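The values are calculated or read from the model by the stated rules, or taken from the named source; none is laboratory data. Here the structure is a predicted model, which is why all the values come from computation and not from measurement. Reconstructed Cβ throughout: ideal geometry from the backbone, glycine too, with neighbour counts over all protein chains shown.
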Amino acid sequence: AISEGEILGSLYSRGIKPDGVQKLSKDMVKMICKDYDVEVIDAVAVRVEEMAKKKEIFDEDDLDKLEERPPVLTIMGHVDHGKTSLLDYIRKTKVAASEAGGITQGIGAYKVLVPSDGKSQTCVFLDTPGHEAFGAMRARGARVTDIAVVVVAADDGIQPQTTEAIAHAKAAGVPIVIAINKIDKDGANPDRVMQELSSAGLMPEEWGGDTPMVKISALKGENVDDLLETIMLVAELQELKANPQRDAKGTVIEAGLDKAKGPVATFIVQNGTLKQGDIVVCGEAFGKVRALFDDKGKRVEEAGPSIPVQVIGLNNVPSAGDEFEVVGSLDFAREKAESRAQALRLQHLSEKAGDGKVTLSSLA
Ligand code: GDP
Ligand code: MG
């Protein structure tokens, strides 16, 4: 061990007089550590490496401006196991009463308030057909979902799409919460489902493992509060953060052509804050954000991290899974979108040519 005095001495000998206010430069710290043959760990580098592992969307510049953000959830599972029923129940009961009437036009995601620890916390549910959204986005390397909620019917057990959902979530490194559904039914056997899941490598917390499993009835609403609380606990452990004070980037989760509005796209903002008037590039599309609408169809001025928002003003319909980002000018946006479109055209051509090479005849 080295005494404080010794280090102070070595600083003084270099002409530095730390007075409790002055900060040491990184170089200074490295020099002193070298004197004592101590290895320095670059905390920022370590954090950036961690971020890369977790596929965080923020970068080094954001580190000192990070704030908590709500978790983004996807409900997955085998057909008829109760995904829609669960979403419907949550939507009916967990969206503030004053707003409930407003949810008519789905934008592919919505915010839900979960009472937790005496306060109300927001989480965001993706409402897109789980598998497609997840699959397409993952194929593009996008990671929008923070937690996968896998619904398994207690009277049916693990089925092919259950296995697929679990595989997707694992491959993306997304934590899984299991909802064992339909416990109200005759023939429901939650223990058997837990047994099957253990065999598939997901050991229930109840049995000493680390996968939370909650037995629910989506139809009757039984234990859905428990499920939401469990989800929020898992979210807390993830320490989800973003920097709201920068230009937005994120991912398109849904897009289409509206007769009146033109191309519309739902974005999930993953970092920064998207504002009306921003210029965005998104896949092969670009444009100036003319208007933003929240999940209740209400016009909003801006949307921060994790918040889904419908955007109009794009020149074209992007694809689910496309990334978007705010850029400085329309010219730059056009250029970027065009070069992206060209890259994709070349890729298609080379795939068609079959040998990975683009020939003149295939270009003609
Ligand atoms: P999805 O295909 O996963 O979206 O499944 P749905 O939500 O459409 O549900 C399929 C069927 O199961 C519907 O007839 C639901 O009413 C029924 N169902 C869903 N959850 C429950 C439940 O908790 N209990 C019972 N008894 N039926 C349920
Ligand atoms: Mg459904």
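Is one or more of the residues making up the stretch 193-214 within 16 Å of ligand 1 (Cβ to nearest atom), modelled with pLDDT of 95 or more and within 23 Å of Lys94 (Cβ to Cβ)? Yes, the stretch 193-214 contains at least one residue that is within 16 Å of ligand 1 (Cβ to nearest atom), modelled with pLDDT of 95 or more and within 23 Å of Lys94 (Cβ to Cβ).
Considering Lys298, Lys259, the condition of being basic (Lys, Arg) and without any contact (Cβ under 8 Å) to a residue 12 or more places away in the chain is satisfied by Lys259 alone.
Among the residues in the stretch 51-62, are any loosely packed, with under 10 Cβ neighbours inside 10 Å and at pLDDT 65 or above? Yes, that holds for at least one residue.
Going through (1) touching a residue at least 40 places away in the same chain (Cβ under 8 Å); (2) over 20 Å from Leu126 (Cβ atoms) one by one, Gly277 falls short only on (1). Just one of the listed residues (Val264, Val269, Val280) is of a type in the set (Val, Ile, Thr) and either at pLDDT below 95 or surrounded by fewer than 24 Cβ atoms within 10 Å (Cβ to Cβ) (or both), namely Val264.
Scanning the stretch 239-260 for residues that are modelled with pLDDT of 95 or more and acidic (Asp, Glu) returns a single hit, Asp247.
Among the listed residues Ala218, Ala235, which satisfies the condition of being buried (at least 22 other Cβ atoms within 10 Å of the Cβ), within 16 Å of ligand 2 (Cβ to nearest atom) and under 19 Å from Ile176 (Cα atoms)?
Only one candidate passes the filter, namely Ala218.
Just for the stretch 144-191: of the residues that are surrounded by 24 or more Cβ atoms within 10 Å (Cβ to Cβ), modelled with pLDDT of 95 or more and in a loop (DSSP other than H, G, I, E, B), which one is farthest from ligand 2 (Cβ to nearest atom)? That would be Ala154.
Just to be sure before I move on: is Gly304 modelled with pLDDT of 95 or more, small (Gly, Ala, Ser) and surrounded by fewer than 23 Cβ atoms within 10 Å (Cβ to Cβ) in the structure I sent? When the stated conditions are applied, Gly304 passes them.
Selection of first residues in the stretch 166-179 that are farther than 19 Å from Leu228 by Cα and of second residues that are crowded, with 23+ Cβ neighbours inside 10 Å, restricted to Cβ pairs under 6 Å at least 6 apart or on distinct chains, gives the following pairs, ordered by first then second residue: His168/Phe134.
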